[in-house]
Amino acid sequence: MSRGILLYAELTRYNSDGQYVHPVFFELAAKANELSQKLDNAPIYALLIGAHNLVKEFKEGFTENNIDTVYVAEDERLKDYSTEYYSKIAVDLVKEIDPEIFIIGATTQGRDLAPRISSALGTGLTADCIELDINEKGQLAATRPTFGGQLMATILCKNQPQMATVRPKVFKPLKEFIKKDTKFINKKPDIDNLEKKVTLIDFLKNPEKEDSALEDAEIIVAGGRGMKDLMGFELLKEFASLLNAKVGASRVAVEMGLASHEMQIGQTGKTVTPKIYIACGISGALQHTVGMKDSDKIIAINTDKNAPIFDIADIAIAGDVFEILPELIEMIKKNKI
Ligand SMILES: Cc1cc2nc3c(=O)[nH]c(=O)nc-3n(C[C@H](O)[C@H](O)[C@H](O)COP(=O)(O)OP(=O)(O)OC[C@H]3O[C@@H](n4cnc5c(N)ncnc54)[C@H](O)[C@@H]3O)c2cc1C
C-alpha cells in the first residue's frame, strides 16, 4: 500500500488582509489524482499553514479536489510566510505521516520552502519540473529541462520522500470536481524555540505584473525575431487588442528590446496555457515551446515552412507576418471574421 502523496497548499496574499490558496495547488491536486491511480489509489494529503479559520475559509478547495486528509497548522505567528516556521512544520509532518512523494508549487514561496525541507530531511528535490509520472517501479519520474534547456532529463530520487517542485500553469486543474469527505486534522505547530529571522513589513503591488497578467489570458498573441522591430510589435499589439488578447514574446524579442521580460514566454519566462496562442515570427525552439505547448489551440505564422513551431501547431500559416497580420486586422475591422 502506497504511503501517499503530500501536497503543499500554499496560501498567498492579495493584500495585507486577504489571502487565497495559490492556483498552483489545484493544478498539483489534479496531477496528484493521476499519480495516485498509478500507485494503487495512494492517499492524497495536503498541508495548509496560516493564522486562523483556515478550514472554514478554504474547505471547498480540498473537498472538491479529492484530497483525503488536510493537515492544518494554525497560529497567529504563521499569518505571513516564514521560511523557518513553515519548513519546520512541513518537516515535522513528513516525519510523522511519512509520505512517499511531496510536491510543492515552484512559486516564489515554494522555491524558498522546498530546498529547506529537502535538506532538513536529507532527501532529493527535483526543481521546476514540467512533467511528473510514476515509472514501472512505482517511483516518481520527474522531468525538467537541463543543459541550458537543450535536453529534458527525467530524474529519480533515491531517498524518501521523493520531492519535486512544479511551476504554475504546467498542469491543468481538474476539469470536473471530484467530491471527497476530506478529513481536516489540526497540527499544533512546534515553533516556540525557533528564531524568526525575517519580518514582513508591507505588501507592494508590482504594477508591471498587474499590467500584463499573461498567465490568465485566454488569448495570447506572441511575437519573436520575425516581428523585426518596434513597428512590427506595434502591428502585433494592434492585432492583439482587436482580439482582446495579451501580447507575449520570445526571449530573442525581449533581448532585441521589443518587449519587456514580463512578457517572455518559455523556460526562463512564463508558462502559459491560453485557449488560443498565436505565434508570430517565432521559430519554436524547445526553450520557448515548454512555456506554451499546452495551450488549447496553437496558431503559428512563419515564412519558413520547416519551422519547428509548425510541429506543435494546430493551424500552420506559412507566410509573411507583415502581409498576413494587416490582412487579418482589415478583416476583423470589417467584421469579416
Ligand atoms: C538557457 C536558455 C533559456 C532560454 N529561455 C527562453 C525562453 O524562456 N523563451 C524563449 O522564447 N526562448 C528562450 N531561449 C532562447 C531560445 O533557444 C531561442 O533562441 C528563441 O526562442 C528564439 O526566438 P525566436 O523564435 O523569436 O527567434 P528565431 O529562432 O530567430 O526565429 C525567428 C523566426 O521568425 C521567422 N520569420 C522571420 N521573418 C518572418 C516574417 N516576416 N514572417 C513570419 N515569420 C518570419 C523565421 O522563419 C524564424 O522561424 C533560451 C535559450 C537558452 C539557452
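The values are calculated or read from the model by the stated rules, or taken from the named source; none is laboratory data. This is a predicted model, so every value here is computed, not measured. Positions of Cβ are backbone-derived with ideal geometry, glycine not excepted, and every protein chain shown enters the neighbour counts.
Overview of results
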quantity	calculated
Residue within the range 321-337 that is touching a strand residue (DSSP E or B) at 6+ places or on another chain (Cβ under 7 Å) and assigned to a strand (DSSP E or B) present	no
Top-ranked residue of the range 309-331 - restricted to ones that are surrounded by 14 or more Cβ atoms within 10 Å (Cβ to Cβ) and of a type in the set (V, I, T), ranked as farthest from the ligand (Cβ to nearest atom)	I329
The lone exception for L93 - which of (1) at pLDDT 95 or above; (2) on the phi > 0 side of the Ramachandran plot it fails	(2)
Candidates V24, V70 - the one that is closer than 27 Å to F177 by Cα, more than 19 Å from the chain's Cα centre (by Cα) and crowded, with 20+ Cβ neighbours inside 10 Å	V70
Within the range 158-178, tally of residues that are in contact (Cβ under 8 Å) with a residue 60 or more places away in the chain and either more than 27 Å from the chain's Cα centre (by Cα) or exposed (fewer than 11 other Cβ atoms within 10 Å of the Cβ) (or both)	0
Options S250, S260: the member that is surrounded by fewer than 21 Cβ atoms within 10 Å (Cβ to Cβ) and out of contact with any Pro (no Cβ under 9 Å at 6 or more places or on another chain)	S260
Hits in the range 254-290 (condition: basic (K, R) and near the ligand (Cβ under 10 Å from one of its atoms))	K270
Residue match in the range 195-216 (condition: at pLDDT 90 or above, under 26 Å from T108 (Cα atoms) and of a type in the set (D, E))	no
Number of positions in the range 97-152 that are under 26 Å from A73 (Cα atoms), of a type outside the set (V, I, T) and without any contact (Cβ under 8 Å) to a residue 24 or more places away in the chain	2
Complete set of residues in the range 291-308 that are within 12 Å of the ligand (Cβ to nearest atom) and either of a type in the set (D, E) or buried (at least 23 other Cβ atoms within 10 Å of the Cβ) (or both)	G291, M292, A300, I301, N302, D304
